[in-house]
Amino acid sequence: MRKGRILLTGFLLGSLLLNGCSRNSSLQVVVPKKEQESVLLNQGDESSVQEQVQAPVRYLCDKDFSNFRLLANARVIVPEVEGIQLKKIRSRNFSSEEMERMEKALMKGGAFYEIRQGFDYDTEIKETEIEEEYGYNASSQASLQKKEVGFTMGTGEAAAEVQEVPVGENVETFTEGSTYEELYSGQTEMVKPKPPDSYADAWKLLCDFLDGKKTFYFNTEDDFTTLQELLGETAEKESDWREQLMTQNLVMLCEELSWSTADGTNWERKELKDLAGRSEFLGFAMMDNGFFSCTMQHYMDELNPVQFTMYLPYADVFSSQDAEKLNEAQNGVNRIHEENLAEVDLQKQGSELMRTLGLEETELWEVKDGMLFWWSKLDAMVQQTDEEPVRRFSYCRSVDGVPVIRTSTATYCDIQDDGLMNWPQEDINVVYGKNGLVSFNWMAPVEIEDWQDDYAFLLPFSEISQIFEEMLEGSLTIDAGVLTGDLNISEVRLGYVRVISKDLLQEDSNVTTENGVEVYTGVLVPAWSFIGTATGSVAEAYGVEEGTRISYMTINATDGSIIGN
């Protein structure tokens, strides 16, 4: 049986390409040992972090190493705070309040349907319940109703919507009032309705069907076939390219749900807040500007982080560079729609979304342009697609005015050499097109608490930059041989970085259990991140594509040690 996009794959490929690849595990991380131990300053010893670190406005360097070149013309960004304290950081799950905010902010009054597999109607629907709901008493009819109505009659309101005509008569005016017994005994037959006039009407028809307010033949397979035909006719006559694709997406959803019902899959309308305690769920949201696939992993395990994702299921986002390669591979047959993103304040939309989600204590970390590829078929091979530009906004948490810098793109948990658990770092990002939301992802939410009252001692920037240049060549030495390429540093930033260390935690384990759920603990320390892009085998050594913007070295601001990414 063919498997669909909404149930299995979705946004994975596009997200990986837009986010960049994981680091090369063969890259050597060199950690220098400083003679002095890190110390703490009493509050008031220094008037500001800037005065303590004495950082320049820009970091400049043009240096040829034996096997690559370092180019730096970088802004040096220092938080405007009095001092930086070490903090505790812990993993956590989503709260019901956060789920409620996500539903309000992202779905905006739309309907969410949870997809469940293996639903047992023999135990969930009783004949007496059917008799009371639909008003007839024959047990044989109840069995037939239970067997054939299945997924289409969830609310029992379909009788009022039925349109039928006596067998043998060809009339255009629909009549109402025939009984279920007449329908099943063959005395009447259903008349196929006219296709919806627009995407909005098609969306309304499908929502009514999913809610059990609309049906055609009282048979799941036949109903889906009818829906696909109706919505397909609407898509063919639609003149606007985007609404045509969105209507075609509804056709593909019907096709996927039709396949899945054969495996016992069911859907049920829910509110997100009611699913907050679930370990995971899969579903889709029906909104007037399209429908989105939604997934959530609520509990952390070694393979999956806590994560909520919402995305257009029949579309993929690629970086601008990858989009060019795909277009070349397809010989330029794709239809590219040159939407002007400057006409819409997407950054403002992102900021408003963060506030609505209760994430006011975040700041914009990165903006990245990409291309959205719309797929018009579920088949693996698509000869032609439509494209439009999109923009991805990444956010980082801010604690007491200091950003928490993400130094790893890993999406799974693993155990460190010292036995402590390393879990994925928090990631919040949203993708917008000119017409609104394309995707939203919030991975590995955290809670941060005070740990030490005193401010940490910070090394002067001159020492940090010297460590960076001295350690750079050694950290880029790999077994494969000589490197060739450039490392371009465009930003040097002081912020919090998560460290998982027995020495800092003074514990043999960073895993505890609270309310039956494992909680992982780390420490936030001040650190300098040297951010930029790489070319040639330098990029290859880091396991990233050319032009990927990451921190190529992270240095502990208190003792000068290298923090492995």
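The accessible-area ordering, largest first, of the residues Met471, Met296 stands as Met471, Met296, per a 1.4 angstrom probe. Modelled spin-label separation between Asn435 and Arg335, with each label point placed 7 Å from Cα along the Cα-to-Cβ direction: 1.1 nm.
Here the 3J(HN,Hα) profile of segment 341-353, calculated from phi with Karplus coefficients 6.51, -1.76 and 1.60 at θ = phi - 60°, is 5, 5, 6, 10, 7, 5, 5, 5, 4, x, 5, 5, 4 Hz, Gly and Pro shown as x.
Within segment 358-375, what residues put their amide N at less than 18 Å from the label point 7 Å along the Cα-to-Cβ vector of Arg75? Inside the label zone: 362-369.
One equal scatterer on each Cα of segment 493-565, no solvent, Debye formula: the resulting log10 I(q)/I(0) at q = 0.11, 0.15, 0.22, 0.26 Å⁻¹ is -0.41, -0.66, -0.94, -1.09.
Please list 414-421, 264-271 highest first by mean number of surrounding beta-carbon atoms within 10 Å per residue.
Going by the mean number of other Cβ atoms within 10 Å, highest first, we get 264-271, 414-421.
Amide H to amide H, with H built 1.01 Å from N, Ile550 comes under 5 Å of Gly532, counting only residues 5 or more places away or on other chains.
For Glu302, what charge total do you get from the other residues with a beta carbon under 13 Å from its beta carbon, if Lys and Arg give +1 and Asp and Glu give -1? So the environment of Glu302 carries a net charge of -3. Between Gln452 and Asp486, the FRET efficiency from the beta-carbon distance, with R0 = 45 Å, is close to 0.65. Accessible surface for segment 375-450, divided over its residues, is 37 Å² per residue with a 1.4 Å probe.
Peptides 239-251, 87-99, 441-453 ranked from most to least packed, by the mean per-residue count of other Cβ atoms within 10 Å: 239-251, 87-99, 441-453. Which shape class, rounded, prolate or oblate, goes with segment 336-448 when its Cα gyration tensor gives a ≥ b ≥ c as root eigenvalues, a/c under 1.5 marks rounded, and past that a/b bigger than b/c marks prolate? Oblate, because a/c is 1.5 or more while a/b does not exceed b/c. Residue order by solvent-accessible surface for Arg355, Arg101 is Arg355, Arg101, largest first, with ligands and nucleic acids left out and a 1.4 Å probe.
Across segment 407-418, coupling constants 3J(HN,Hα) worked out from phi with the 6.51/-1.76/1.60 Karplus curve, θ = phi - 60°, read 10, 9, 9, 4, 10, 8, 8, 8, 9, 6, 4, 8 Hz, and Gly and Pro carry x. Classified by the C-alpha gyration tensor, segment 255-349 has a prolate form. Its axis ratio a/c, with a ≥ b ≥ c, is 1.5 or above, and a/b is larger than b/c.
Round to a whole number: what % of the accessible area of segment 465-565 belongs to carbon and sulfur, probe 1.4 Å?
C and S fraction of accessible area: 43 percent.
Using 0.36 nm per residue and subtracting the Cα-Cα separation, the extra length available between Thr512 and Thr535 on full extension is 4.0 nm.
What the Kirkwood sum gives for segment 272-429 is a hydrodynamic radius of 18.5 Å, with every pair of different alpha carbons counted. For segment 428-565, would you read off the P(r) tail past 23 Å as a percentage of all alpha carbon pairs? The calculated P(r) of segment 428-565 puts 52 percent of pairs beyond 23 Å.
The values are calculated or read from the model by the stated rules, or taken from the named source; none is laboratory data. What you see is a predicted model, and the numbers here were worked out from it, not measured in a lab. Reconstructed Cβ throughout: ideal geometry from the backbone, glycine too, with neighbour counts over all protein chains shown. These area figures cover heavy atoms from the full protein model, side chains too; ligands, DNA and RNA do not enter into them. Shrake-Rupley method; radii C 1.70, N 1.55, O 1.52, S 1.80 Å.
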